[in-house]
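Let me begin by presenting the structure, written as structure tokens, before commenting on it.
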2 protein chains.
Amino acid sequence: MCQLLSMNCNTPTDIVFSFTGFSERGGRTDEHKDGWGIAFFEEKGVRHFIDDKPAVESALAEMIKTHPIKSKNVIAHIRKATQGETSLQNCHPFIREAWGQEWVFAHNGDLKSFAPVLNGSYQPAGNTDSELAFCFLMQGLTQEFGDVAPSIEQVRQFLKQFSAEVASHGTFNFTLSNGAALYVHCSTKLHYVERQFPFTTAALSDENLAIDFSAVTTPQDRVAVIVTEPLTTNEQWTAFQTGELKVFVDGRVLPEFSEHQTSYQEPLRLVA
Amino acid sequence: MCQLLSMNCNTPTDIVFSFTGFSERGGRTDEHKDGWGIAFFEEKGVRHFIDDKPAVESALAEMIKTHPIKSKNVIAHIRKATQGETSLQNCHPFIREAWGQEWVFAHNGDLKSFAPVLNGSYQPAGNTDSELAFCFLMQGLTQEFGDVAPSIEQVRQFLKQFSAEVASHGTFNFTLSNGAALYVHCSTKLHYVERQFPFTTAALSDENLAIDFSAVTTPQDRVAVIVTEPLTTNEQWTAFQTGELKVFVDGRVLPEFSEHQTSYQEPLRLVA
């Protein structure tokens, strides 16, 4: 299996503190050493770094820790191979374009007897169940919404049904972003924390490092961090429920629109 | 305008020497300081680095020079903005997937009155003429060849016609690779050198640096380097002709198949 780390903020923020703890699990405090990757949105562009070496030994990972990159949406992953060999093309996160938007996806889990029919619009370069699921997802999204990019709420509704279908094949924890929102689905294990004013000091569980967030933030800042296993020892992490899909925008969970609009087909038809 | 650098080899080779000279043009020996980028194929995966800061000031560029990445196909670019602001999404090279292959593209030039009709299968994230041309190219390729990935020769024939059409709108020097071959089209200025046994010493023109290739190669190695302006002072660089398209495989120019097969439609029909 693998581990996921994501961040969503209302102002571009660096992920050095969280990534420092997370990357220790890529070979030192945990066994996820079959590659790693991280993607940072910056306006409509993406900085994408992947490596098939353990994160704890990677010069690239070291550079990310020493040269902070600020972003409002970050998706990171450390890999312990279950399906697909250790190679660059099998490293998460994966990227595909739709509607002129970059879509970034990382997965933790294992899908069995999963053989979706692809029409060719998105095809995996590697041979993981994860990239296959992502291509199937992008195919579904573009088929559903055609020429017009979907709204955040439309993507949420699509993902609810899609995730339930795919999760019937096994474990399907994933993070997904197009730079406008961060979509997180939990199948077995994910936690999140929302940091906001008044900021306090947090201490990493994987590394002897603490940070006083109040010294590096403004009162307006909001940051949500999502991770497989909590990264800090003195913050209140909330566990996702099985089958739960949460959408993060501007550093906090985006409430679902009103109760009566939650059926799958209705709002899509109204908005399309 | 911009400058292009590419490499194609028969064995994974690092591009540190050439990139060191090339990146000096990104703000020191030349004016191309509106961003840069480089992509390295590794099997079916791609390491992709882009930055909207000048290459000469970039920590990422420094890391690439100090931590050699070996690859058989590399595409690099330094940008001087003509169309589209300085931003991450406007940095070359651009990447799109087709047939489960990553396709990487960089462009030097300026296209005027260029407004191709896109069907939505590939759309630009930024607002450069370059990414627009690349999306139009990928759309054309996938429309032409449908479900089955084209052969190198099929791509060559497609690109000949495509490049001539697009070049009617202005300058269209480009490099393109899917990891199996490197396609290079010259509209105004490009040079290449093929390095092979017996290897000699080469000296950079942009930096006080020389390398004895015989010390770092085997007699079987072959490396082709393609660049806008020659990088070394003591090697024989060959200038591309206007309108010329060359295909590089295993470190050398791939000869075109026989003369009578060069018409555009014929070989496609025969092979498809």
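The values are calculated or read from the model by the stated rules, or taken from the named source; none is laboratory data. In this text, all values refer to a predicted model and were calculated from it rather than measured experimentally. Reconstructed Cβ throughout: ideal geometry from the backbone, glycine too, with neighbour counts over all protein chains shown. The area values use the complete protein model at the heavy-atom level, side chains included, leaving out ligands, DNA and RNA. Shrake-Rupley method; radii C 1.70, N 1.55, O 1.52, S 1.80 Å.
Counting just the residues of the range A:224-236 that are in contact (Cβ under 8 Å) with a residue 40 or more places away in the chain and under 19 Å from A:Ala106 (Cβ atoms), which one comes out surrounded by the most Cβ atoms within 10 Å (Cβ to Cβ)?
Filtering the range A:224-236 for residues that are in contact (Cβ under 8 Å) with a residue 40 or more places away in the chain and under 19 Å from A:Ala106 (Cβ atoms), the one surrounded by the most Cβ atoms within 10 Å (Cβ to Cβ) comes out as A:Val225.
Which residues, taken from the range B:95-123, are more than 14 Å from every other protein chain (Cβ to nearest Cβ) and touching a Lys or Arg at 6+ places or on another chain (Cβ under 9 Å)?
Correct list: B:Asn108 only.
Scan the range B:178-204 for residues that are in contact with an Asp or Glu (Cβ under 8 Å, 6 or more places away or on another chain), part of a loop (DSSP other than H, G, I, E, B) and either loosely packed, with under 15 Cβ neighbours inside 10 Å or without any contact (Cβ under 8 Å) to a residue 40 or more places away in the chain (or both) and report the count.
3
Against the conditions (1) over 19 Å from A:Cys91 (Cβ atoms); (2) modelled with pLDDT under 95, where does B:Met7 fall short? Just the number, please.
(2) is the only condition that B:Met7 fails.
Among the residues of the range A:135-155, which ones are away from chain B (no Cβ under 11 Å) and either within 22 Å of B:Leu118 (Cα to Cα) or of a type in the set (A, V, I, L, M, F, W, C) (or both)?
Scanning the range A:135-155 gives A:Phe136, A:Leu137, A:Gln139, A:Gly140, A:Leu141, A:Gln143, A:Glu144, A:Pro150, A:Ser151, A:Ile152, A:Val155.
Residues that are closer than 17 Å to A:Gly120 by Cβ, of a type in the set (A, V, I, L, M) and open to solvent by less than 20 Å² (accessible area, probe 1.4 Å): list the strands (runs of 3 or more DSSP E) wholly contained in the range B:62-152 that include at least 3 such residues.
Here the list is empty.
Tell me, please, whether a residue that is within 30 Å of A:Phe114 (Cβ to Cβ), of a type in the set (Val, Ile, Thr) and modelled with pLDDT of 95 or more can be found in the range A:193-214.
Looking for residues that are within 30 Å of A:Phe114 (Cβ to Cβ), of a type in the set (Val, Ile, Thr) and modelled with pLDDT of 95 or more, one finds none in the range A:193-214, hence no.
Only residues that are away from chain B (no Cβ under 14 Å), touching an Asp or Glu at 6+ places or on another chain (Cβ under 9 Å) and either in a loop (DSSP other than H, G, I, E, B) or closer than 19 Å to A:Glu85 by Cα (or both): list them for the range A:1-59, please.
A:Met1, A:Cys2, A:Gln3, A:Arg25, A:Gly26, A:Gly27, A:Arg28, A:Thr29, A:Asp30, A:Lys33, A:Pro54, A:Ala55, listed by residue number.
Can you tell me which residues in the range A:153-177 are more than 14 Å from A:Gln241 (Cα to Cα) and in a strand (DSSP E or B)?
A:Gly170, A:Thr175, A:Leu176, A:Ser177
Test A:Asn127 against the stated conditions and say whether it is without any contact (Cβ under 8 Å) to a residue 60 or more places away in the chain and more than 22 Å from B:Gln89 (Cβ to Cβ).
Here the answer is yes, as A:Asn127 does meet what is asked.
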